[in-house]
Amino acid sequence: MAKRLVIGMALAFLVMLPASAHMTGAFANFLAIVYDETTIDGLKAEMAQTKDQIEDLQPEVDKQKKRFEENQQLAVEQLQLYADSGLDGWLSMMGDGHDAADLLGSHWQLERGIDAYLLSLNDLYLHYQQLKAAQQSLKGHEKLLGAIEKNLLAREQYLTENADLPLEQIANYLDIDWVSEVEYELIDDLKADQERIHTELGSWMAVSEDRTLAESWLNEKSRLQYFFRKDHVYVEYELQYAHVILLGQVLQKGDGQSAELVFEAGFYNGFYLPEELLEELHGFKLDYAALQKIAGIDNPYFTQTDGALEIHRK
């Protein structure tokens with residue numbers, strides 16, 4: 001068994017990873033390359049840059065939120081005025097002898113005015129939501145980079161503490177620690193998430209009104225932390241002496257009846273997990289039949305976006 005993490009340890013120090021790992025995004029720049037001071041310095045620089053971007057965006061988000069709320073209140077008052085005075089105005093025009101064509105023309109102009117007002121308000125709302133989504137995406141990226149930093153620092157600490165040991169012995173200790181302290185707990189917690197999703201899928205869907213499954217709902221209940229991003233789903237698992245990051249995608253299964261989080265790569269305290277260890281870890285499954293009953297969506301499928309899984313109809 002020690003040979004398995006000898007392989008993992010060797011891979012942790014290679015620049016190139018197996019093509020099947022599909023290492024992209026934040027992982028490609030940090031965990032999947034040779035560890036040195038440049039790596040950790042690059043990570044800190046990106047974290048600082050992301051923090052600056054979040055701070056720079058905040059004033060504009062606040063400005064657009066205030067502008068929307070002010071116009072929303074004005075719209076409520078204006079529509080209330082239309083509602084209160086509309087019927088009185090209509091009856092007054094009839095009493096003044098206006099013919100049907102004049103009345104219909106005035107009504108049409110009123111409707112167009114209301115529609116234009118609501119369209120302008122909707123544009124303000126969409127602009128505010130786009131800025132807010134960009135801000136939330138940056139915050140999610142910042143948290144993910146923080147998780148990667150923990151993994152890199154765990155590797156640095158482990159190598160420092162065992163600097164006098166030969167490579168094979170270090171790998172053997174890693175293997176023993178993984179099996180005795182991490183593997184079975186992680187498998188149990190992944191199963192717990194699967195059972196929770198199976199029984200509470202309706203509750204998960206109810207969190208959002210736009211047919212998405214938000215990572216926040218799952219993270220509030222799970223011992224793992226999920227980062228839904230456009231490129232991959234990243235999963236962080238932390239115990240007292242262990243830090244694990246798994247990388248995967250939500251893919252439709254071959255039978256077309258469900259989608260499943262399939263892990264493609266993983267890191268244990270900064271060391272690359274061999275495929276045979278990764279194969280023992282199974283992500284959650286989303287049953288299409290259950291989804292159809294809850295949401296009434298025929299032929300559903302999922303796409304990944306920042307912070308959520310989006311549900312679509314084929």
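Throughout, read-outs are computed from the coordinates displayed, never taken from laboratory work. Please read these numbers as outputs of a predicted model, since none were measured by experiment. Please note: Cβ atoms are built from the backbone with ideal geometry, for glycine as well, and neighbour counts cover all protein chains shown.
Among residues other than Val207 whose Cβ falls under 15 Å from its Cβ, what is the net charge (Lys/Arg +1, Asp/Glu -1)? Write down the numbers at each step before the final one.
Numbers: positive: Arg196, Arg211, Lys221; negative: Glu200, Glu209, Asp210, Glu215, Glu220, Glu310.
Net local charge, Val207 excluded: -3.
If the cut-off is a Cα-Cα distance under 24 Å, which lysines reach Lys293, setting aside same-chain residues fewer than 8 apart in sequence?
Leaving aside lysines fewer than 8 places away in the same chain, those within reach of Lys293 are Lys191, Lys221, Lys253, Lys285, Lys314.
Once you list every other residue whose beta carbon is under 12 Å from the beta carbon of Ile148, what net charge do they have if Lys and Arg are +1 and Asp and Glu are -1?
Numbers: positive: Lys44, Lys143, Lys150, Arg155; negative: Glu46, Glu142, Glu149, Glu236.
Combined, the nearby Lys, Arg, Asp and Glu give 0.
Find, to one decimal place in angstroms, the Kirkwood hydrodynamic radius of the stretch 169-290, where the mean of 1/r is taken over every pair of different Cα atoms and then inverted.
15.3 Å
As an exercise, identify the GluC sites (Glu not before Pro) in the stretch 206-309 lying in DSSP coil whose Cβ has no more than 14 other Cβ atoms within 10 Å. Let's see the in-between values first.
Values: sites: Glu209, Glu215, Glu220, Glu236, Glu238, Glu260, Glu264, Glu275, Glu276, Glu279, Glu280; in loops: Glu209, Glu279, Glu280.
For GluC sites (Glu not before Pro) across the stretch 206-309 that sit outside H, G, I, E and B with at most 14 neighbouring Cβ atoms in 10 Å, the list reads Glu209, Glu279, Glu280.
Restricting attention to the stretch 212-274, which trypsin sites (Lys or Arg not before Pro) occupy a DSSP loop and are surrounded by at most 11 other Cβ atoms within 10 Å?
Details: sites: Lys221, Arg223, Arg229, Lys230, Lys253; in loops: Arg223, Arg229, Lys230, Lys253.
Passing both the DSSP loop test and the Cβ count: Lys230.
What is the extension gain from Glu276 to Asp255, computed as 0.36 nm multiplied by their sequence separation minus the C-alpha to C-alpha distance, in nm to one decimal?
Values: separation 21, 0.36 × 21 = 7.56 nm, distance 2.41 nm.
That pair, Glu276 and Asp255, stretches by 5.1 nm at full extension.
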